[in-house]
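Contents: one structure, followed by commentary.
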Amino acid sequence: MADIPIPEIVSEINNKHQFPEFKGKVIKRNDVDYDAQSYQYASSSHLEDGIIQPAAIIKAADDSDVIKAIKYASENKIAVAVRTGGHQYSGASSTSGKNIQLDLSQTYKDFDWDDENCTSVTLGISFPLGEFNAKLREKNRFVPHGQCQYVNLGGHIQTGGYGQLARSFGLFSDNVIKFRIITADGQVRWVAQGEDLFFAVLGGSPGNFGVLTHATLHVFRDQDYPNSRGLRAAYPYDRQRLKDLLDVMVEMVEDENFPADYDYCITVLSEPPVRTFELTYDMAHRKEGQQMVAWPPMIVVFAQWANLQGEKQTYNPDFFNKIKQVAGKGKVQVSDKEHTPMSTLTGHWIVPISREFELPYIKRTYSSNSNSQRLKEHKWTDWISDRIEDGRNWNYDKTSGPIDVGCNVAAQIQHFGGNNSRFNQNGKRNSTSFSWRDANILCTVDAFYHSYQYEQTIEWQKKNDEGVGKPEAAFCEHDRRVLWGSYDLDLSASHQYYYDQNPEGKYERLCKIKQKYDPSGVFTPNRFCIGLPVPVPADSKDGIKKRIKLSGSETAKERAAAIELAKVPQLSAEDRFWEMVSTERELGKTVPLWNIWRA
Ligand SMILES: Cc1cc2nc3c(=O)[nH]c(=O)nc-3n(C[C@H](O)[C@H](O)[C@H](O)COP(=O)(O)OP(=O)(O)OC[C@H]3O[C@@H](n4cnc5c(N)ncnc54)[C@H](O)[C@@H]3O)c2cc1C
């Protein structure tokens, strides 16, 4: 296959052609609001990598702006990054040099039911998940999707929509009937199942094949699941409690015929960054008056019974009781004691924050097809509970003695598999290109760190990586990564981890489709682009040195403050949890997470 050209990187917008007039606002590098407008989720971690600095941001007003930007890029041999919600973890929705970014966060917000019964909807891609979920709920409708309120459909459609309903209803993208896309030749196309672009856009690599504007989705009706139940509960973080809850998940994996009605997800959130020495890139960009959401170290459990067979099926509470029994006393926010409509439950599974911590992060999402026997043999639940505990508790300061201020950990572990799982079954259709559809468990462990914790965070994640990719690894003998949770900046260098061979030659097929629809490389002007040549590996030690140098004098100041903080007697995780649970909401103050968390 011929390589796809990498756009030239220079520092100014090309003057060969006049920069066009757009209907929407254009923000150029050096404009006063450039920093705020170019900010996205990955800025906290990847700003210094120089990949989040588009020459101009075009807030497209409509199709004509999109087509004009594509044409300008083609004529000037530059490229276009597409951003809707800005939640891509490795910064792939931005760009640098003289390349430009199309910002679609407000462009496509039309929403039309296709029939009176509301069984399908055609909508624009500029909806955040929270808003989209609420729109469907107005008609007692739902689709499966992910768990972050501010992720937008533009990217989410292409990366899957892995969420709480994965076993019972599959991925968000499994419910796409057709989508509308503007390709590099400026053509507007509707693309349906069976076409090569359908396969490539849904799962191939987001933003690589064109600009997505609309989609038609199949939606589900509450009335078909009249006895559905859910459990959402928060518990004080405790290593043993976590391990016991994970053991329940492994038992679930053990029964390969476990009904598809059940979904079970465990989230661990460690400390919020509410200390006074907290001065990070993100805090510098915090808008005045913006609410801070806080939580103590805690475990959040989501469990759901979907009632897939309707009225005649009765609810058996045994599985939920087992979860509640091992978890002990907690704060139950959604109870399985009564029926909750599926459209309401899907709202309860959305976390109402745009990011977990206002800090740089080092991300991991591992996918495992290990069966329960292997997980037990390798004592995985002990292993991962220890890793999470270890991330919270580094004793690292040699001069001042031990201090107890590990990084902020956000971990999420969910069961996706089994013979009945729709995540698994839908994958067999091969109409989309999402990989690793035979997964049993997905495990995310993200570490958010202060600059003085950078080296320890790297070391900690390195040890976590030992859980995959070797015959003796505790989680999975293979290293399997998912595009929605990408943590590599260079897709071609690591493509074997992101793409399975189902169907055979998947990556090569995706490269060919990219060649066909985007032969001159208008889209994805960064290394997270499909089909680029594999680069010579960069010296990672240099990267570490660069970051430490960049953090400058703040490092010493923050480290000193951390040591001071460690001298203050700390409440136990359990006490901190219950202390914050009883905090009342006060105007202008930090808001405990559960006070704003409702469907
Ligand atoms: C805090 C957090 C929680 C998350 N939780 C989940 C979860 O529970 N489940 C899950 O599946 N995923 C989850 N994700 C991942 C998220 O779903 C993906 O990163 C998604 O692609 C983000 O879409 P976006 O539009 O918000 O982001 P963007 O950064 O704007 O876009 C993401 C990618 O899609 C491309 N893209 C965006 N819009 C368009 C468009 N209109 N046309 C063409 N290309 C486009 C971009 O170029 C980029 O490569 C989470 C991410 C974060 C940061």
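The values are calculated or read from the model by the stated rules, or taken from the named source; none is laboratory data. Computed from a predicted model, the values in this text were never measured in an experiment. All Cβ positions, even for glycine, are placed from backbone atoms using ideal geometry, and neighbour counts span all protein chains on display.
Structure data summary
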item: Whichever residue in the range 27-52 is outside any helix (DSSP H, G or I) and within 15 Å of the ligand (Cβ to nearest atom) and, among such residues, is surrounded by the fewest Cβ atoms within 10 Å (Cβ to Cβ); result: TYR39
item: Selection status of GLY24, touching a residue at least 40 places away in the same chain (Cβ under 8 Å), part of a loop (DSSP other than H, G, I, E, B) and either within 12 Å of the ligand (Cβ to nearest atom) or farther than 21 Å from ILE125 by Cα (or both); result: no
item: Meets criteria (among the acidic types (Asp, Glu), in a helix (DSSP H, G or I) and in the same structural domain as TYR361 (by the TED database)) for GLU472; result: no
item: GLN158 being buried (at least 23 other Cβ atoms within 10 Å of the Cβ), at pLDDT 95 or above and within 12 Å of the ligand (Cβ to nearest atom); result: yes
item: Residues within the range 68-80 that are within 19 Å of THR213 (Cα to Cα) and surrounded by fewer than 17 Cβ atoms within 10 Å (Cβ to Cβ), tallied; result: 1
item: Residue check for ARG180: out of contact with any helix residue (DSSP H, G or I) (no Cβ under 8 Å at 6 or more places or on another chain) and not assigned by the TED database to the domain that holds VAL82; result: yes
item: Residue in the range 476-499 that is more than 16 Å from the ligand (Cβ to nearest atom), surrounded by 24 or more Cβ atoms within 10 Å (Cβ to Cβ), touching a residue at least 24 places away in the same chain (Cβ under 8 Å) and not hydroxyl-bearing (Ser, Thr, Tyr) present; result: yes
item: Top-ranked residue in the range 439-469 [being within 16 Å of the ligand (Cβ to nearest atom) and not in a loop (DSSP other than H, G, I, E, B); ranked as surrounded by the most Cβ atoms within 10 Å (Cβ to Cβ)]; result: ALA447
